[in-house]
Structure formats: C-alpha cells, structure tokens
Amino acid sequence: MKIDPKGIAFDIDGVVADTMSLFLAIADKEFGIRHIRYEEITDYSLVEAAIIDHGVMWEIILRILEGRYNHPLDPIDGAPEVLRQLNRICSPTLFVTARPEAGHITGWICEILQTGRECIEVVATGSFENKQEVLEKRNITHFVEDRLETCFMLAKAGITPIVFRQPWNRKSHPFAEVGNWRELEALISME
C-alpha cells in the first residue's frame, strides 16, 4: 500500500537540501579544513565525532542557518522533480525542520521547486524534539528524516519514519529506508 500524499512530510537538511556538502565547502574554502570527506561523517554531531573544532563548527552552522555563504546550497539529487510532482497532486507540501527560523530556507525551497510560497509550508521548530507535535497536529502519518534519533522518537508517537540514507545514519534500525528520491517516489501514491 502506497503512502497518501496528504500524510507525508519532509525534513529539509540532509533530505531535500545537501547541507552537508555546503558545510564541507565552507569548511574547505573559508577555514582551510580539507581533511573531512562526506562519507566519513558517521555521526550526526561532528563535534562528538571529533571531526572538527566546536567553535568552527558552530560558525559554519550559523552561516548556513542565516544564509551567509558564498557557495551553492544544492538540492539532493531528484528532490525538486519528485517534490514538484507531489506538489501538483497535494498542496501545500509540508516541510518540518529543526532550524530556528524558516525564512531563508523557505525562499530556497520555493526557488528549487519553482513555486510560490502558497504551495509549501515550512515549519521551523527550533529543535528535533518539537517536530512530533507539528506532525501530529497536521495528521502526518509518514515523515522522511535523516536523523535516526528523531526517527525513533516519531515511531514511539505513532508516526512512521522513513530514513533517508546518509553516512551518519548507518546504525541498525527497524525503519523503511530510501537511498534516493526515486526510491522515495515509489513509496508514495502519485496518482
């Protein structure tokens, strides 16, 4: 049985936006940190993984959150096409992010989807823990997420997580998993 388009929502960073590649580009070009490879980021927290200095990490994250960067934030391959198709079937498309503010990223999503703000809803919760309440209020049954801890939390609340495969979520888990947007598209009723 395929997922009802009205019942699915999406995380942004690591699912729609290739934020980690942007992070690595800023680290390389602006801080001279060249030793980190995408595939080596096996923990969601770069500090806990001892990959990068805490202060530098937060400076890069703030630049990304505030839109203060000179490098492109690219979408994950296939995301714009699948989301545009989904948006034609069911609008607005819901995005729920742990970012503290939605302004900058909302404009970016509209740009990559080539759509107006009325066709999407971006909710910035400020924390991973607050996603559950937003999803429950909107009767979301499925949520596409790259952070495993959030997936476990949502599953306990009766929301079915779909793990978007990334190097940092390769631990054992019981959830459905997709490696790209075409695999995700196959799970959704697009008619």
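The values are calculated or read from the model by the stated rules, or taken from the named source; none is laboratory data. Bear in mind that the values here come from a model prediction, so they are computed numbers and not experimental data. All Cβ positions, glycine included, derive from the backbone under ideal geometry; neighbour counts span all protein chains shown.
Observations
- Single condition Met190 does not satisfy, out of (1) in a helix (DSSP H, G or I); (2) over 15 Å from the mean Cα position of the chain (by Cα): (1)
- So Cys110, is it touching a strand residue (DSSP E or B) at 6+ places or on another chain (Cβ under 8 Å), under 17 Å from Ile8 (Cα atoms) and in the same structural domain as Gln166 (by TED's automatic domain parsing): no
- Residues located in region 98-128, provided they are polar (S, T, N, Q) and surrounded by fewer than 17 Cβ atoms within 10 Å (Cβ to Cβ): Gln114, Ser127
A quick yes/no check of all residues on (1) over 17 Å from Phe164 (Cα atoms); (2) surrounded by 15 or more Cβ atoms within 10 Å (Cβ to Cβ):
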site	(1), (2)
Met1	yes, no
Leu24	yes, yes
Gly32	yes, no
Ile41	no, yes
Leu73	yes, yes
Arg88	yes, no
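- So Pro92, is it of a type outside the set (A, V, I, L, M), touching a Cys at 6+ places or on another chain (Cβ under 8 Å) and surrounded by fewer than 20 Cβ atoms within 10 Å (Cβ to Cβ): yes
- Residues in region 8-39 that are of a type in the set (Asp, Glu) and either at pLDDT 95 or above or out of contact with any helix residue (DSSP H, G or I) (no Cβ under 7 Å at 6 or more places or on another chain) (or both): Asp11, Asp13, Asp18, Asp28, Glu30.
- Of the residues Ile162, Ile140, the single one that is assigned to a loop (DSSP other than H, G, I, E, B), at pLDDT 95 or above, surrounded by 15 or more Cβ atoms within 10 Å (Cβ to Cβ) and not basic (Lys, Arg) is Ile140.
- Subset of region 166-191 [among the charged types (D, E, K, R) and at pLDDT below 95]: Arg170, Lys171, Glu191
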